[in-house]
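The structure appears below as structure tokens.
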Amino acid sequence: MKNWILILVLSVMTVGYVNAQKSTLQKQGTATQLVVDGKPFLILGGELGNSSAACTEDIERIFPKLQRMGLNTVLVPAYWDLIEPQEGQFDFTLTDKVIRQARQNDLKVIFLWFGAWKNSMSCYAPLWFKENYKKYPRAYTQKGKPLEIASAFSENVFQADNRAFSQWMEHVAAIDKEEGTVIMIQIENEIGMLEDARDYSKEANALFNAPVPAELMSYLQKNKKTLHPQMLEKWESQGSKKQGTWQEVFGADIYTDELFMAWHYARYVERMAQSARSIYNIPLYVNAAMNSRNRKPGEYPSAGPLAHLIDIWHCGAPNIDLLAPDLYDNGFTDWVAKYKLHNNPLFIPEIKLTDNNGVRAFYIFGEHDAIGISPFSIEGGSDSPNSPLVKSYRTLKEFMPLLAKYQGKGAMKGLLFDQENKERIIYQDDLKITCRHFFTLPWDARATDGSVWPEGGGVLLRLAPNEYIVAGSGIVIEFEKATENQAKVRALGEDGFAQTGGKGDGVISDKVMWKGARCGIGSVDEVKVNKDGTLSYIRRLNGDQDHQGRHVRISVGDFQILHVKLYEYK
């Protein structure tokens, strides 16, 4: 009898532990979705500034504002130096305050472990760690200069970092496993070497001149057909060797130095990830500072979890779920395309806070089946109900059931336009769909007053043949049959009439007879998306609102969800 009672108790504990894992990643078609409490969850997030969670008063002040801004998730640093101010003595006051405030304000939390490295540097390591540089050594430049960067090759460094991380993870698990407020963990922050592409300490040099680890060589051979193009080119340039030192296999340059360093950063992070998995098995990721502006390894944080190093990181740190870009440079669409790969879902944990963040969120959910987006220093944003981010997050929250339902199924396209990139043409079924920035219309004065155009963006979702959802802001969409005569159209005024008279101005030649069917707009309805994904009618948009059936549009500054039905006629 006692044995049966013991088995029953253990079974209940096991079920409780499994149910405690409130967040996980799962595949749907070609997408990877974050699932929270059994439902797909899109992160409408914001990351706090580096020092904005360093006292309880700031946390209490900021979190209610984040709720008013419409966030569903906040990314918060966990500071090693404040968690373990004295070696072996731990203080979780700030962590507790974050979790309590998140629950009170209906927010999920992603914690960022600011441990051995933050933006390459070891600035969040405790003073007792920094001062004892003999026990916790630094990385060195090629010229022998010690850096404010803890060595990834030191077992003492790892043990100190991992001990604090594990103690903190155990505390998070103890207070959160029932609620599931914490949905992901970031390990370290923008890891990477600066000044030189790799560490030149004695320990690093010895490993650099040793053979490339067999497990990495085996990975490259096994996955040759799917390697990142830059990784494959680097390996093939030296004859695709199956063994040898780092320079023998990859060549003698700073890019080989970066591969070497990436491997050892990845192995370090993998050991921490294993600790995390054994304590509280929720999704884990690492974030990367970009290799932008023509900078070379060491001019940017070399060897971080960058797209071109994804194979090194996947092999070296298999317990890390995704590599995530921190975006502050121009070229947003190009950057996100680098990180939405067949083996890496897109999550943007950090992006410069601007009024364009909202339409960019629509774009990445529609175009790249993204997990989420998180503007940096979010507490500095506006919580006005009319601010662009608040309006976009409010609309995206409503739209989320449809986004989650159709991710990975090839039914959505993302749209993003600015003053330079104004148009995108999509061919779908037998339709040619021309999508443009709203300011390409002839009558909006803001388009020509000399100011910079705010970005326009959205999602085009195909529900069925001739049935679409258009959602977002600052876009205009025209539908026509792909086989229609490609004739130049006269310039039209606000009323839809020709701007000026004149026979033959841009019309099809009188000798050409029209053939085939045309596409017309049957109806455009502004709708509300219910929690179960059904649609509720708000109003019909006809006449001037769809330019007498010529297009579907959402003006700059407005965020709407439109249900569009098309028809054909001859």
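The values are calculated or read from the model by the stated rules, or taken from the named source; none is laboratory data. These numbers were taken from a predicted model, which means no experiment stands behind them. Cβ placement follows ideal geometry from the backbone for every residue including glycine, while neighbour counts extend to all protein chains displayed.
Being in contact (Cβ under 8 Å) with a residue 60 or more places away in the chain and part of a helix (DSSP H, G or I) is the filter; apply it to segment 295-313 and report the residue that is nearest to T226 (Cα to Cα).
Selected residue: D311.
Matching residues to (1) surrounded by fewer than 18 Cβ atoms within 10 Å (Cβ to Cβ); (2) hydroxyl-bearing (S, T, Y):
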residue	(1), (2)
M193	no, no
V212	no, no
G239	yes, no
T245	yes, yes
R293	yes, no
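Do we have K97 as of a type in the set (K, R) and within 27 Å of D326 (Cβ to Cβ) here? Let's see the steps before the verdict.
Numbers: of a type in the set (K, R): yes; within 27 Å of D326 (Cβ to Cβ): yes.
Yes; evaluated as a whole, the condition is true for this residue.
Of all residues in segment 30-64, count the ones that are over 23 Å from F92 (Cβ atoms) and surrounded by fewer than 16 Cβ atoms within 10 Å (Cβ to Cβ).
So the answer is 4.
Could you say which residue among N223, N281 is in contact with a Cys (Cβ under 9 Å, 6 or more places away or on another chain), at pLDDT 95 or above and polar (S, T, N, Q)? It would help to see each step written out before you state the result.
Details: N281 fails: in contact with a Cys (Cβ under 9 Å, 6 or more places away or on another chain).
Result: N223 is the single residue among N223, N281 that is in contact with a Cys (Cβ under 9 Å, 6 or more places away or on another chain), at pLDDT 95 or above and polar (S, T, N, Q).
Tally up the residues in segment 339-367 that are closer than 27 Å to I469 by Cβ, in contact with a Gly (Cβ under 9 Å, 6 or more places away or on another chain) and part of a strand (DSSP E or B), please.
2
Find the residue count for segment 141-189, including only residues that are assigned to a loop (DSSP other than H, G, I, E, B) and polar (S, T, N, Q). Even if it seems obvious, please write down each step before you answer.
Just the residues of segment 141-189 that are assigned to a loop (DSSP other than H, G, I, E, B), to begin with: 141-145, 151-154, 177-181.
Those left that are additionally polar (S, T, N, Q): 141-142, 151, 154, 181.
Qualifying residue count, segment 141-189: 5.
Take the residues of segment 323-337 that are farther than 23 Å from K422 by Cβ and either in contact with a helix residue (DSSP H, G or I) (Cβ under 8 Å, 6 or more places away or on another chain) or without any contact (Cβ under 8 Å) to a residue 24 or more places away in the chain (or both): which is surrounded by the fewest Cβ atoms within 10 Å (Cβ to Cβ)? Working first, answer last.
Our first condition is that a residue be farther than 23 Å from K422 by Cβ; within segment 323-337, this holds for 323-326, 328.
Filter once more, keeping what is either in contact with a helix residue (DSSP H, G or I) (Cβ under 8 Å, 6 or more places away or on another chain) or without any contact (Cβ under 8 Å) to a residue 24 or more places away in the chain (or both): 323-325.
Numbers: L323: 25, A324: 25, P325: 23.
So, considering only residues that are farther than 23 Å from K422 by Cβ and either in contact with a helix residue (DSSP H, G or I) (Cβ under 8 Å, 6 or more places away or on another chain) or without any contact (Cβ under 8 Å) to a residue 24 or more places away in the chain (or both), the one surrounded by the fewest Cβ atoms within 10 Å (Cβ to Cβ) is P325.
Of the numbered conditions (1) more than 18 Å from E258 (Cα to Cα); (2) buried (at least 16 other Cβ atoms within 10 Å of the Cβ), K224 fails exactly one; give the number of that condition.
Of everything listed in (1) more than 18 Å from E258 (Cα to Cα); (2) buried (at least 16 other Cβ atoms within 10 Å of the Cβ), K224 misses just condition (2).
Among the residues of segment 323-338, are any closer than 20 Å to E47 by Cβ, touching a Pro at 6+ places or on another chain (Cβ under 7 Å) and part of a helix (DSSP H, G or I)?
Yes, there is a match, as at least one residue in segment 323-338 is closer than 20 Å to E47 by Cβ, touching a Pro at 6+ places or on another chain (Cβ under 7 Å) and part of a helix (DSSP H, G or I).
Let's see how each residue does on (1) modelled with pLDDT of 95 or more; (2) among the aliphatic types (A, V, I, L, M); (3) in contact with a Gly (Cβ under 8 Å, 6 or more places away or on another chain); (4) closer than 20 Å to H264 by Cβ:
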| site | (1), (2), (3), (4) |
| --- | --- |
| F129 | yes, no, no, yes |
| Y133 | yes, no, no, yes |
| A152 | yes, yes, no, yes |
| N162 | yes, no, no, yes |
| D176 | yes, no, no, no |
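Of all residues being among the acidic types (D, E) and within 20 Å of T434 (Cα to Cα) in segment 527-557, which is surrounded by the fewest Cβ atoms within 10 Å (Cβ to Cβ)? Just the residue, please. Before the answer, list the steps.
Keep residues of segment 527-557 that are among the acidic types (D, E), which gives 532, 544, 546.
Add one more test, that the residue is within 20 Å of T434 (Cα to Cα), and what stays is 544, 546.
Working: D544: 10, D546: 18.
Ranking the qualifying residues of segment 527-557, first place goes to D544.
In this structure, is P388 more than 18 Å from D558 (Cα to Cα) and touching a residue at least 60 places away in the same chain (Cβ under 8 Å)? Break it down into steps so the answer makes sense when it comes.
Numbers: more than 18 Å from D558 (Cα to Cα): no; touching a residue at least 60 places away in the same chain (Cβ under 8 Å): yes.
Criteria not met by P388.
When residues of segment 23-47 are filtered for being part of a strand (DSSP E or B) and free of Cβ contacts under 8 Å to residues at least 12 places away in the same chain, how many remain? Walk me through it before giving the result.
Residues of segment 23-47 part of a strand (DSSP E or B): 23-28, 31-36, 39-40, 43-47.
Next, only the ones that are free of Cβ contacts under 8 Å to residues at least 12 places away in the same chain stay: 26.
Of the residues in that region, 1 qualify.
Can you confirm whether I469 is at pLDDT 75 or above, under 26 Å from P401 (Cα atoms) and either among the aliphatic types (A, V, I, L, M) or not in a loop (DSSP other than H, G, I, E, B) (or both)?
Details: at pLDDT 75 or above: yes; under 26 Å from P401 (Cα atoms): yes; either among the aliphatic types (A, V, I, L, M) or not in a loop (DSSP other than H, G, I, E, B) (or both): yes.
Here the answer is yes, as I469 does meet what is asked.
I need the full set of residues from segment 290-312 which are among the hydrophobic types (A, V, I, L, M, F, W, C) and within 14 Å of N344 (Cβ to Cβ), in order please. Break it down into steps so the answer makes sense when it comes.
Going through segment 290-312, the residues among the hydrophobic types (A, V, I, L, M, F, W, C) turn out to be 290, 303, 306-307, 309-310, 312.
Selection gives L306, A307, L309, I310, I312.
If N343 satisfies every condition in (1) within 11 Å of the chain's Cα centre (by Cα); (2) under 30 Å from D37 (Cβ atoms) but one, which is the exception?
(1)
Using the structure shown, decide if F438 is touching a Gly at 6+ places or on another chain (Cβ under 8 Å), free of Cβ contacts under 8 Å to residues at least 60 places away in the same chain and closer than 30 Å to E47 by Cβ.
Working: touching a Gly at 6+ places or on another chain (Cβ under 8 Å): yes; free of Cβ contacts under 8 Å to residues at least 60 places away in the same chain: no; closer than 30 Å to E47 by Cβ: yes.
No, not satisfied.
Can you tell me how many residues in segment 227-268 are outside any helix (DSSP H, G or I) and closer than 30 Å to Q186 by Cα? Show your work before the answer.
Here is the first cut: in segment 227-268, the ones outside any helix (DSSP H, G or I) are 227-228, 237-245, 251-253.
Remaining after also requiring closer than 30 Å to Q186 by Cα: 227-228.
Counting residues in segment 227-268 that are outside any helix (DSSP H, G or I) and closer than 30 Å to Q186 by Cα gives 2.
Pick from segment 515-564 the residues that are among the basic types (K, R) and within 32 Å of the chain's Cα centre (by Cα): which of them is farthest from N466 (Cα to Cα)? Can you show your working first?
Start the filter on segment 515-564 by keeping residues that are among the basic types (K, R), which leaves 515, 518, 528, 531, 539-540, 550, 553.
If we keep only those that are within 32 Å of the chain's Cα centre (by Cα) as well, we get 528, 531, 553.
Numbers: K528: 20, K531: 24, R553: 17 Å.
Residue satisfying both the conditions and the ranking: K531.
So T95 ticks every box in (1) more than 19 Å from Y280 (Cβ to Cβ); (2) among the polar types (S, T, N, Q); (3) in contact (Cβ under 8 Å) with a residue 60 or more places away in the chain but one. Which box is left unticked?
(1)
Is one or more of the residues making up segment 309-322 under 23 Å from S377 (Cβ atoms), crowded, with 21+ Cβ neighbours inside 10 Å and out of contact with any Asp or Glu (no Cβ under 9 Å at 6 or more places or on another chain)? Write out each step before concluding.
Step one: filter segment 309-322 for residues under 23 Å from S377 (Cβ atoms), giving 322.
Okay, now just the ones that are also crowded, with 21+ Cβ neighbours inside 10 Å, so 322.
Still in the list and also out of contact with any Asp or Glu (no Cβ under 9 Å at 6 or more places or on another chain): 322.
Yes: one or more hits.
Please identify the pairs in which a residue from segment 213-228 that is under 17 Å from H308 (Cα atoms) has its Cβ atom under 9 Å from the Cβ atom of a residue that is of a type in the set (F, W, Y) and at pLDDT 95 or above, counting only partners at least 6 apart or on another chain.
Listed pairs, sorted by first residue: L216/W263; L220/W235; K224/W235; L227/W235.
Are any of the residues in segment 159-169 crowded, with 16+ Cβ neighbours inside 10 Å, of a type in the set (S, T, Y) and either in the same structural domain as L71 (by TED's automatic domain parsing) or under 21 Å from P85 (Cβ atoms) (or both)?
No, segment 159-169 has no match at all.
If only one of L71, L48, L82, L66 is assigned by TED's automatic domain parsing to the domain that holds L284 and over 30 Å from T354 (Cα atoms), which one is it?
Details: L71 fails: over 30 Å from T354 (Cα atoms); L48 fails: over 30 Å from T354 (Cα atoms); L66 fails: over 30 Å from T354 (Cα atoms).
Just one listed residue meets the conditions, L82.
Test each condition in (1) surrounded by 24 or more Cβ atoms within 10 Å (Cβ to Cβ); (2) assigned to a helix (DSSP H, G or I); (3) of a type in the set (A, V, I, L, M); (4) out of contact with any Phe, Trp or Tyr (no Cβ under 8 Å at 6 or more places or on another chain) for I282 and report the one that comes out false.
Every listed condition holds for I282 apart from (2).
In segment 1-29, which residues are surrounded by fewer than 11 Cβ atoms within 10 Å (Cβ to Cβ), modelled with pLDDT of 95 or more and over 19 Å from K108 (Cα atoms)?
The first filter runs over segment 1-29 and keeps only residues surrounded by fewer than 11 Cβ atoms within 10 Å (Cβ to Cβ), leaving 1-15, 18, 26-27.
If we keep only those that are modelled with pLDDT of 95 or more too, we end up with 26-27.
Result: K27, single match.
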